[in-house]
Amino acid sequence: MMKNKVSRIKRAIERLNRYGVKNYRIFVYVPVKDVTGANERCRILKKLGVNPFAQTYRGYESNTQPTREQKHFAWYVNQKAVFKSTEWENYR
């Protein structure tokens, strides 16, 4: 299932490139509910040369607040100098 989503993202990036949008200008929201899954998605986006923006999950109906790890991961991804220079496993 992840391969299908990656191929869709690649096609969208290629289409944007055809219209003159450079990869570094592409900004993708990444919901952070499961940190491991979010990290995998962010790594893929990093390899594709686009900018992920990690957004922690908030369950408004159930009043669920983000966990400390979700907040920490989102901070790591959203600090571009940190995100581009190290991997999550080494940052922790």
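In this simple spin-label approximation, residue 69 and residue 82 carry label points 7 Å from Cα along the Cα→Cβ vector, and these lie 1.7 nm apart. Under a model in which nothing but the beta-carbon of Lys, Arg (+1) and Asp, Glu (-1) is charged, segment 2-91 shows a dipole of about 560 debye around its Cα centre. With helices as the sole contributors, the chain gives -17000 deg cm²/dmol at 222 nm; each DSSP H run of n ≥ 4 counts as -39500 (n - 2.57), and the sum is divided by every residue. Ignoring aspartates and glutamates fewer than eight residues from residue 5 along the same chain, the ones with Cα atoms less than 16 angstrom from its Cα are 14, 40. Any lysines with Cα under 18 Å of the residue 3 Cα? List them, leaving off those in the same chain fewer than 8 positions away. Answer for residue 3, where 18 Å is the Cα cut-off: 46, 47, listed by chain and number.
No value in this document is a laboratory result; all are computed from the given coordinates. The model shown is predicted, which means the values in this text are computed figures rather than measured ones. A quick note on method: Cβ atoms are made from the backbone with ideal geometry, for glycine too, and the neighbour counts reach across all protein chains shown.
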